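Read the structure below first, then the notes.
The values are calculated or read from the model by the stated rules, or taken from the named source; none is laboratory data. Keep in mind the model is a prediction, meaning the values are calculated, not measured. With ideal geometry, Cβ positions are generated from the backbone for all residues, glycine too; neighbour counts draw on all protein chains shown.
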Amino acid sequence: MDEIPEAVPPMLAVEGELPTGPWAYEYKWDGYRCCLRAAPDGTTRLTSRNGNDLTAAYPELTGLPPAAFCGLATVLDGEVVALDPAGRPDFGLLQRRRRQRPAGGRAAPGVTYFAFDLLRSGGTDYLRAPYTERRSALLRLAAAAEPAAEGRIAVPPHYTADAIAPLDLLGVARRHGLEGLMAKRLDSPYLPGHRSRSWVKRPLVRTQEAVIGGWQPGAGRRSGTVGSLLLGAHDAAGDLRYIGHVGSGFTGAALADLLRRLTPLARATSPFAGPVPPVHARTARWCRPRLVGEVAFRAWTRDGRLRQPSWRGLREDKSPAQAVLPPPPG
């Protein structure tokens, strides 16, 4: 096996309104951010944002023909995405795939790697190159490799303001149920591991990564399983602060999976810094803060709680330390 290049920590965006001028715009894809590394012989490795090896989870993205990368050692930044029958990203399908075990002949939902940045190819390092140069090189690689990639690797489109207004693109994203839009300065280099204002994200759905610090037993139809999860996120000092509880958005399979994972993490006391409202603490089953999930929500309350949260699923690509509170407004 040829040598596989080292992983590159992802460049991160700030959240804000869409800028205009010398920017490119890409749709936000609802999946798992991953660095894909390929050796010249086509052997690949997938590395999550927090450095975990996800290769075994997505065998269809491994062992590609060497021609899929033009026979070059390659490093890509992108997203592992599961598409629904209409061709739209579906985060729920990724969650189902994670829980599903090969049994009864059922096929797990397939995935595609959406590559949106080329970081290294052969002997060329593109990290300091501007976005326009990296994107052109990525498109050339994709055009040469497309037949060999067999649809398992795709390069989603990008747009500039002289072709279509960014607000019109945001409207397209809204109509098709996409997560939002990314804006990237045309002259921006790739800054590994840094959050930069050269990349701006404009989400359509507000989401928050959260650590599970406890859970409440269910009643009625949920008797014997999880009724709701008690969630936290880290403040600027690194303390885990309680941000609310979520009891909607679960499937039966998700609840069974959560109970299986949470039971061995039991502890006697709350892991949160500061109090949890008595109505939730009274019946809580506390757990070690090891599991990270994602919720969609409407807004933050004045006391720092999530308003109308809905569970989206576990994020095994994130570490507990990455679940942080957003900075205060202004």
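So, of the residues in region 185-207 that are assigned to a strand (DSSP E or B) and touching an Asp or Glu at 6+ places or on another chain (Cβ under 7 Å), which turns out to be farthest from Asp77 (Cα to Cα)?
Start the filter on region 185-207 by keeping residues that are assigned to a strand (DSSP E or B), which leaves 185, 195-203, 207.
Keeping just the survivors that are touching an Asp or Glu at 6+ places or on another chain (Cβ under 7 Å) gives 201-203, 207.
Values: Lys201: 16, Arg202: 19, Pro203: 19, Thr207: 22 Å.
Restricting to residues being assigned to a strand (DSSP E or B) and touching an Asp or Glu at 6+ places or on another chain (Cβ under 7 Å), the top hit is Thr207.
Taking the residues in region 208-237 that are closer than 24 Å to Gly274 by Cβ and of a type in the set (D, E, K, R) as candidates, determine which candidate is surrounded by the most Cβ atoms within 10 Å (Cβ to Cβ).
Within region 208-237, the first condition is being closer than 24 Å to Gly274 by Cβ, and the residues that meet it are 208-217, 226-237.
Keeping just the survivors that are of a type in the set (D, E, K, R) gives 209, 235.
On the way: Glu209: 18, Asp235: 14.
That would be Glu209.
Can you name the number of the only condition in (1) surrounded by 15 or more Cβ atoms within 10 Å (Cβ to Cβ); (2) out of contact with any Cys (no Cβ under 8 Å at 6 or more places or on another chain); (3) modelled with pLDDT of 80 or more that Pro85 fails?
(1)
Would you mention how many residues in region 14-63 are modelled with pLDDT of 90 or more, among the polar types (S, T, N, Q) and either within 17 Å of the chain's Cα centre (by Cα) or closer than 28 Å to Pro328 by Cβ (or both)?
So the answer is 4.
Is it the case, given these coordinates, that Gly92 is surrounded by fewer than 19 Cβ atoms within 10 Å (Cβ to Cβ) and either in contact with a Leu (Cβ under 9 Å, 6 or more places away or on another chain) or part of a loop (DSSP other than H, G, I, E, B) (or both)? Before the answer, list the steps.
Details: surrounded by fewer than 19 Cβ atoms within 10 Å (Cβ to Cβ): yes; either in contact with a Leu (Cβ under 9 Å, 6 or more places away or on another chain) or part of a loop (DSSP other than H, G, I, E, B) (or both): no.
Against the criterion (surrounded by fewer than 19 Cβ atoms within 10 Å (Cβ to Cβ) and either in contact with a Leu (Cβ under 9 Å, 6 or more places away or on another chain) or part of a loop (DSSP other than H, G, I, E, B) (or both)), Gly92 does not qualify.
If you go through region 297-322 one residue at a time, how many are modelled with pLDDT under 90 and within 11 Å of the chain's Cα centre (by Cα)?
3
So, of the residues in region 153-195 that are among the acidic types (Asp, Glu) and at pLDDT below 95, which turns out to be farthest from Gln322 (Cα to Cα)?
Once the filter is applied, the top-ranked residue is Asp162.
Just one of Thr263, Thr269 is out of contact with any strand residue (DSSP E or B) (no Cβ under 8 Å at 6 or more places or on another chain) and modelled with pLDDT of 95 or more; which is it? Explain how you work it out, then say what you get.
Working: Thr269 fails: out of contact with any strand residue (DSSP E or B) (no Cβ under 8 Å at 6 or more places or on another chain).
None of the others qualify; the one that does is Thr263.
Any idea which of Leu93, Leu72, Leu61, Leu54 is under 25 Å from Pro203 (Cβ atoms) and either of a type in the set (Phe, Trp, Tyr) or touching a residue at least 40 places away in the same chain (Cβ under 8 Å) (or both)?
Among Leu93, Leu72, Leu61, Leu54, only Leu54 is under 25 Å from Pro203 (Cβ atoms) and either of a type in the set (Phe, Trp, Tyr) or touching a residue at least 40 places away in the same chain (Cβ under 8 Å) (or both).
Report the residue count in region 136-184 for those that are within 30 Å of Pro66 (Cα to Cα) and in a loop (DSSP other than H, G, I, E, B).
Within region 136-184, residues that are within 30 Å of Pro66 (Cα to Cα) and in a loop (DSSP other than H, G, I, E, B) number 7.
Considering only region 227-258, state which residues are out of contact with any Phe, Trp or Tyr (no Cβ under 8 Å at 6 or more places or on another chain), of a type outside the set (S, T, N, Q) and over 23 Å from Gly304 (Cα atoms).
The answer is Gly252, Ala253, Leu255, Ala256, Asp257.
Considering only residues of region 20-75 that are polar (S, T, N, Q) and not in a loop (DSSP other than H, G, I, E, B), which is nearest to Val111 (Cα to Cα)? Walk me through it before giving the result.
Step one: filter region 20-75 for residues polar (S, T, N, Q), giving 20, 43-44, 47-48, 50, 52, 55, 62, 74.
The next check asks that each one be not in a loop (DSSP other than H, G, I, E, B); those that pass are 44, 47-48, 55, 74.
Values: Thr44: 15, Thr47: 15, Ser48: 15, Thr55: 13, Thr74: 20 Å.
Going through the qualifying residues, I end up with Thr55.
Quick one: count up the residues across region 217-234 that are out of contact with any His (no Cβ under 7 Å at 6 or more places or on another chain) and modelled with pLDDT of 95 or more.
So the first thing to find is which residues in region 217-234 are out of contact with any His (no Cβ under 7 Å at 6 or more places or on another chain), and the list is 217-227, 232-234.
So of that shortlist, the ones also modelled with pLDDT of 95 or more come out as 232-234.
The qualifying residues number 3.
Select, from Ala38, Ala86, the only residue that is touching a Ser or Thr at 6+ places or on another chain (Cβ under 8 Å), hydrophobic (A, V, I, L, M, F, W, C) and without any contact (Cβ under 8 Å) to a residue 40 or more places away in the chain.
Working: Ala86 fails: touching a Ser or Thr at 6+ places or on another chain (Cβ under 8 Å).
Going through Ala38, Ala86 in turn, the sole match is Ala38.
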